[in-house]
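For reference, the structure is listed below as C-alpha cells.
The values are calculated or read from the model by the stated rules, or taken from the named source; none is laboratory data. Keep in mind that what you see is a predicted model, and the values were worked out from it rather than measured. Cβ placement follows ideal geometry from the backbone for every residue including glycine, while neighbour counts extend to all protein chains displayed. The protein model used for the area step is the full one, side chains on, heavy atoms only, and it has no ligands, DNA or RNA in it. Shrake-Rupley method; radii C 1.70, N 1.55, O 1.52, S 1.80 Å.
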Amino acid sequence: MRVQVNARNRAFHFEADNGEKILYAGLRAQAGLPYECATGTCGTCKAKLVEGAIDDHWPEAPGRKFIKPERGEFLMCQCAARSDLAIEVASFVYPADPGACRVGALTGTVGEVRPLTHDVAAVDVTLDAPCEFEAGQFMAVNAPGVRGLRGYSMVNFDQPARRLEFVVKKKPGGGFSEWLFSDRAAGARVELVGPLGKATFHPGLAKNILCIAGGSGIAGMMSILARAAAVNYFDRHKVWVFFGVRTLRDAFFLQELAAYPEAQITVALSEEDPPPNTSLRFERGLVHEVAKRQMAGKYRDVRAYLAGPPPAVEAAIRVLLLEAKLTADCIRYDKFS
Ligand SMILES: Cc1cc2nc3c(=O)[nH]c(=O)nc-3n(C[C@H](O)[C@H](O)[C@H](O)COP(=O)(O)OP(=O)(O)OC[C@H]3O[C@@H](n4cnc5c(N)ncnc54)[C@H](O)[C@@H]3O)c2cc1C
Ligand code: FES
C-alpha cells in the first residue's frame, strides 16, 4: 500500500506492507515521523486520515485519549493501511539523518532469562541478522501469544550487534513481562522493530553526560556507558549516573556500574537508608531529588538522559528545566509507559 504523509513542511511517500504499522513503515522509509513510545501510550504519533482506509490494531490504546477519532485522527503506531492512504501530520517532518541507523523488522531467539532481582530479569535475544543501533535506543518487541509490541531499551552496545541484551521488570498481570518470566520464553522466537528512540548518545556529542534512571530505566544508560568507555569519553567529559530504586533489594547492575570508576555513580534508595561500606555511592531519596542535590552548579555543557517510569522521568524533567535551566534540546528521555 502506498502512503502519502502531508506534514507541515513537505510530503513523504512510502510503501507499507500488509498489516505493517504506518509509523514503522514510515520510519523504515527514513521519514522522521513523530513518535515517542512507538507502542500506543503517549499519543505523539497522532495523524489525520484524509483518504483511504486503516485498520486499528489496538482500539483501546491509552494514547487514544490524545486524539479525536471523530475528526479522523488515529495513532500511526497502532494502525495499518487497508488501502492506499493520504494522511496529515500536524508537525514538521524531516528525512532521517543519512548516517542514522536504519529502522527495520528483525527476528531473533530469546536466550536464558536471568533473574537480577525478585522482579527484574536480564535476557538476550540473538538476532537472525545483525543490526546497527545507537546507545540509548530501544526495540519494539512482539512475543508469541502476546498482543501488540512492547518497548525495551538495549543494555549492550555493539556495532553491528548480533545479540541484544534487555532488562525487563515484571509487571503483575502484564502481557509481555509475565510471558518473559514464564517457562515459555527461553528459546522462543520474537519479532522486533527498530532501532527506535531519540535518547541516543554518540561520542561526537562532546558534552558532559547526566543520566537519571528509575529502575529498569538503567538499561539504556548501561549502553551509553559502554559506548562512552569504548572511546575513552571519560578522559574528556564528565559523566554522572543517578540510579533510583526503592531499596537495596531492588538494585541490580551494581558490579557493572562499579566497573566505570571514571563515572560518578550514585544509587538513590527512596525507601531505605544507604548501606555502609560500599564501593558505589548511595544516598537516600527519590532519584531526581538526589540528582538535584548533587548536581547543583554543575550543569554547564550537559546533555541529560532520563529513563524509567513516567512519574520519575517527569519529576527529573521539571528539575532540569526549572532548577537547572537546561533547554529542552539538552534533555533526552524515554518514559517507560
Ligand atoms: C521507549 C520505552 C522503553 C522501554 N524500555 C523498557 C526496559 O528497558 N525495561 C522494562 O522493563 N520496560 C521498558 N519499557 C516498558 C515496557 O515497554 C512495558 O510497558 C512493560 O514491560 C510492561 O509490559 P507488559 O506487557 O508486562 O504489561 P502490559 O500492561 O500488558 O502492556 C504494557 C504496554 O504494552 C503495550 N500493549 C499492551 N496491550 C497491547 C495490545 N493489545 N496491543 C498493542 N499494544 C499493547 C502498551 O504499550 C502497554 O502500555 C519501555 C517502554 C518504552 C515506551
Ligand atoms: S508513539 Fe504512538 S502512541 Fe506513542
Filtering segment 80-127 for residues that are of a type in the set (A, V, I, L, M, F, W, C) and either under 19 Å from residue 192 (Cβ atoms) or free of Cβ contacts under 8 Å to residues at least 40 places away in the same chain (or both) leaves a count of 14
Criterion: in contact with a Pro (Cβ under 7 Å, 6 or more places away or on another chain) and of a type in the set (Gly, Ala, Ser) - qualifying residue of 99, 40, 63: 40
What number of residues within segment 28-64 satisfy the criterion of being within 15 Å of ligand 1 (Cβ to nearest atom), over 15 Å from residue 91 (Cα atoms) and either among the polar types (S, T, N, Q) or touching a residue at least 40 places away in the same chain (Cβ under 8 Å) (or both)? 9
Subset tally (residues that are within 16 Å of ligand 2 (Cβ to nearest atom) and part of a loop (DSSP other than H, G, I, E, B)) for segment 77-88: 2
Out of (1) more than 16 Å from ligand 2 (Cβ to nearest atom); (2) open to solvent by 40 Å² or more (accessible area, probe 1.4 Å), the odd one out for residue 198 is which? (1)
Give me the residue from segment 294-312 that is over 21 Å from residue 207 (Cα atoms) and not in a loop (DSSP other than H, G, I, E, B) and, out of that set, most open to solvent (accessible area, probe 1.4 Å). 311
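Take the residues of segment 236-245 that are free of Cβ contacts under 8 Å to residues at least 60 places away in the same chain and surrounded by 14 or more Cβ atoms within 10 Å (Cβ to Cβ): which is farthest from residue 212 (Cα to Cα)?
Filtering segment 236-245 for residues that are free of Cβ contacts under 8 Å to residues at least 60 places away in the same chain and surrounded by 14 or more Cβ atoms within 10 Å (Cβ to Cβ), the one farthest from residue 212 (Cα to Cα) comes out as 237.
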Across segment 170-189, what is the total count of residues that are in contact (Cβ under 8 Å) with a residue 60 or more places away in the chain, within 25 Å of residue 78 (Cβ to Cβ) and not in a helix (DSSP H, G or I)? 3
Among the candidates 123, 141, 110, 155, which residue alone is of a type in the set (A, V, I, L, M, F, W, C), away from ligand 2 (no atom under 14 Å from the Cβ), modelled with pLDDT of 95 or more and assigned to a loop (DSSP other than H, G, I, E, B)? 155
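Conditions tested, residue by residue: (1) away from ligand 1 (no atom under 16 Å from the Cβ); (2) basic (Lys, Arg).
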site: 71; (1), (2): yes, yes
site: 75; (1), (2): no, no
site: 80; (1), (2): no, no
site: 87; (1), (2): yes, no
site: 93; (1), (2): yes, no
Show me the strands (runs of 3 or more DSSP E) entirely contained within segment 15-76 in which 3 or more residues are surrounded by 15 or more Cβ atoms within 10 Å (Cβ to Cβ) and more than 17 Å from the chain's Cα centre (by Cα). 46-51, 73-75
Exactly one of these conditions fails for residue 305: (1) closer than 22 Å to residue 329 by Cα; (2) out of contact with any strand residue (DSSP E or B) (no Cβ under 8 Å at 6 or more places or on another chain); (3) among the hydroxyl-bearing types (Ser, Thr, Tyr). Give me its number. (2)
Output the number of residues of segment 89-107 satisfying the condition of being assigned to a loop (DSSP other than H, G, I, E, B) and not hydrophobic (A, V, I, L, M, F, W, C). 6
Need pairs with beta-carbon distance below 8 Å; first residue under 19 Å from residue 119 (Cβ atoms) and within segment 251-279, second of a type in the set (Asp, Glu); sequence gap 6+ or separate chains. 267/283; 268/283; 268/289; 269/283
Listed residues 145, 151; which is open to solvent by 30 Å² or more (accessible area, probe 1.4 Å), in contact with a helix residue (DSSP H, G or I) (Cβ under 8 Å, 6 or more places away or on another chain) and small (Gly, Ala, Ser)? 145
Residue among 192, 280 that alone is open to solvent by 10 Å² or more (accessible area, probe 1.4 Å), in contact with a strand residue (DSSP E or B) (Cβ under 6 Å, 6 or more places away or on another chain) and not acidic (Asp, Glu): 280
So residue 4 fits all but one of (1) within 13 Å of ligand 2 (Cβ to nearest atom); (2) open to solvent by 50 Å² or more (accessible area, probe 1.4 Å); (3) assigned to a strand (DSSP E or B); what number is the exception? (1)
Within the group 266, 278, which residue is part of a loop (DSSP other than H, G, I, E, B), of a type in the set (Val, Ile, Thr) and farther than 21 Å from residue 329 by Cβ? 278
Just one listed residue, out of 99, 52, is at pLDDT below 95, more than 18 Å from residue 151 (Cβ to Cβ) and away from ligand 2 (no atom under 12 Å from the Cβ), and it is 99
